[in-house]
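Each remark here refers to the structure printed beneath this line.
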Amino acid sequence: MKIRRAQQFVKYSDQPVMLKLKRGQLAALSIAAVVIIVGVPLWWRTTETYRAWLPVSQIKELAKLQLHLSADVEVVFARGTVTPEQQKKVPLTQTQNMEHRVDEDTALSYRYETRYRTATIMEEDALNQPTAAEADLSLHTLSESPSGSLVVYVIPESSSLLPQNVDVYIGQRRTALLRIGSQMRVGKTLEQLLAHMEPRIKQVLHVMSFSHTDITAALSNRVRISPGNKESIADSMRAFKSSPGYEITFSLLNPDPKSHRLHWDIEGAVETYIQPLLTKLSPVANFSIDSQTLYYAMLGVNPRFDSSRSTYTLNADSLAHVINPVEARLGSNAASSNPVLNFLLYIPDAHHSPLYIHDHKKQQVPTNAFHSPRWGGIMIIRQCWVYNVNEFYEVDTVFPVDINIDMAKVMGVFLAQLRLLLGVQSSTPPPGFLVAPCGNAGLADWELDRLMWSRSVENIATATTTITSLAQLLDQIGNIVINDNIAQQVSSAVTSLQLAVSELEAGNLGFALQYSKEAILSSERAFFDPSLLHLLYFPDDQKFAIYIPLFLPMCVPILLSLLKIVSEARQKHREKKPKKD
């Protein structure tokens, strides 16, 4: 009886201990379950990096750039250029395709669609004008050709529009006059006549439309230019890169205000000479103009005195040292990120006058000016370019001298420099070509088209490079946040790029340029978004250094409790087996 009571007492006394053990095990399991089921997902959700969807597949397709450029050419035969037998086969359309592989990821394809027809009665009347310039204006009045297209009028040898030694006249618009001999149409088929004209037509296209050299130079941001295109490389390095806008600053440098009292009508000169050019270039970019006068601004280079001519000279080797001291005085527009084109007009002081610029051959530069690639131009005023020449530094001159600057000569030089810096190519025409002056606008229509072709291709190449680089960056750094704004900008850039490439292939030059500008703007906004700064994100080792002190003290007791529960369960399982046996 005593033994049974003792066993029952031990049995009853173990029950509170067993209950405490079970409660401890349930508490440990509950905590572990809460941590695993609730805590870990909640921590993962609240600390995960938000990455909006990006069109990665479309970006990879754009990385393999395939550009197709299409130009429409219309060849119009005037009366007396084709025989009745040849005229029966007109109108006629021919298509010529050329392909060029620039590198592994870039290919170019050119398509010229040439339509042949005879001139209308109104066009015949326009071609009967006394001069080629008047005929060009009359033809333009009849019908204005769209951007990127050309019209070549074939005139007979007896026409008085062109001089004797000129076979091709290129006007201010998108029109050219081509003269052929009468012997070419007699006894010849239309195919033979077209084969005879083809070399001249190609030369006209090379001058008035895009060329492979210009397009390849526009891809300089994407591909490496071959050494054979040195002239095109020099032109592309001289001109500013494509930008949605440009700032133009005209500065008058007066190193000695005590000797000079300068008067320049910069506002009227800009309105007369510069504004027509900028108005015509409005499809390419936006422009803003300002002017300033800087006193006591020196060139920073001491001119050399030429005793044989009693003049001061600046050699070509010293011109590179002129810009830096002056540039520090120019200031900058911090409110705008657009490139700045600087045009400086310098008036020599009384102790260094007259001052002339000499080239590498020690010859005097006629314009007395020079330009720096992707910066601007500097012009030194000459005595013959002021109105009151007799009062300019005479022996009995009373200082300060009132100097009225002839802005027509000054702006003529600045206008030529502005064309070069904006990328307007002025190539030498082939023999037998006569190119009309660009007129009051400072830019011919076909020159604008050539610039638009180059800018469109350059914008597309730059935007694709930017978007591809951004996609690679975001793929390599997985913890960078991609917010909805960045995703929207990237999607907009990809869409605009696709539209620009399609419009180029269709020959719609105006739309292609507009879409390419939108693409480069969206790609730049996405790439330089402040939320993509690398300083906002930590490497993985730093994250572990932050999270281990936070989670380790909490996780160790939970893990030890779980291990103890597992070991006790195994021990009970082992004790039950002998009892069953």
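In table form, for the structure just shown:
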{"quantity": "Matching residues, region 452-495, being open to solvent by 10 Å² or more (accessible area, probe 1.4 Å) and closer than 30 Å to Ser145 by Cα", "calculated": "Ser454, Arg455, Glu458, Thr462, Thr495"}
{"quantity": "Matching option when the condition is farther than 30 Å from Ser353 by Cα, buried (at least 19 other Cβ atoms within 10 Å of the Cβ) and touching a strand residue (DSSP E or B) at 6+ places or on another chain (Cβ under 8 Å), among Leu253, Leu281", "calculated": "Leu281"}
{"quantity": "Out of Leu448, Leu443, Leu504, sole residue that is open to solvent by less than 10 Å² (accessible area, probe 1.4 Å), in a helix (DSSP H, G or I) and in contact (Cβ under 8 Å) with a residue 40 or more places away in the chain", "calculated": "Leu504"}
{"quantity": "Matching residues in region 308-328 - criterion: being in contact with a Gly (Cβ under 7 Å, 6 or more places away or on another chain) and outside any helix (DSSP H, G or I)", "calculated": "Val322"}
{"quantity": "All positions within region 97-128 that are assigned to a loop (DSSP other than H, G, I, E, B), among the β-branched types (Val, Ile, Thr) and under 24 Å from Leu177 (Cα atoms)", "calculated": "Thr120"}
{"quantity": "Hits in region 443-467 - residues which are in contact with a Lys or Arg (Cβ under 8 Å, 6 or more places away or on another chain), more than 13 Å from Lys241 (Cα to Cα) and not aromatic (Phe, Trp, Tyr)", "calculated": "Leu443, Ala444, Asp445, Leu448, Asp449, Thr464, Thr465"}
{"quantity": "In region 429-460, residue nearest to Thr175 (Cα to Cα) [restricted to those that are among the charged types (D, E, K, R) and over 11 Å from the mean Cα position of the chain (by Cα)]", "calculated": "Asp445"}
{"quantity": "Region 187-222, residues that are assigned to a loop (DSSP other than H, G, I, E, B) and at pLDDT 75 or above", "calculated": "Thr189, Ser209, Phe210, Ser211, Leu219, Ser220, Asn221, Arg222"}
{"quantity": "Qualifying residues in region 359-373 (those that are touching a strand residue (DSSP E or B) at 6+ places or on another chain (Cβ under 8 Å) and in a loop (DSSP other than H, G, I, E, B)) - the one most open to solvent (accessible area, probe 1.4 Å)", "calculated": "Thr367"}
{"quantity": "Subset of region 331-358 (residues that are under 21 Å from Ala239 (Cα atoms) and open to solvent by 20 Å² or more (accessible area, probe 1.4 Å))", "calculated": "Ser332, Asn333, Ser336, Ser337, Asn338, Pro339, Val340"}
{"quantity": "Residue within region 49-67 that is part of a helix (DSSP H, G or I), more than 30 Å from Thr495 (Cβ to Cβ) and modelled with pLDDT of 75 or more present", "calculated": "no"}
{"quantity": "Condition broken by Gly39, with the remaining ones in (1) in a helix (DSSP H, G or I); (2) open to solvent by 60 Å² or more (accessible area, probe 1.4 Å) satisfied", "calculated": "(2)"}
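The values are calculated or read from the model by the stated rules, or taken from the named source; none is laboratory data. Everything numeric here is computed off the predicted structure, so don't read it as measured data. Glycine also receives a Cβ, built like all others from the backbone with ideal geometry; neighbour counts cover every protein chain displayed. When the accessible area is computed, the model is the full protein with side chains, heavy atoms only, and any ligands, DNA or RNA have been set aside. Shrake-Rupley method; radii C 1.70, N 1.55, O 1.52, S 1.80 Å.
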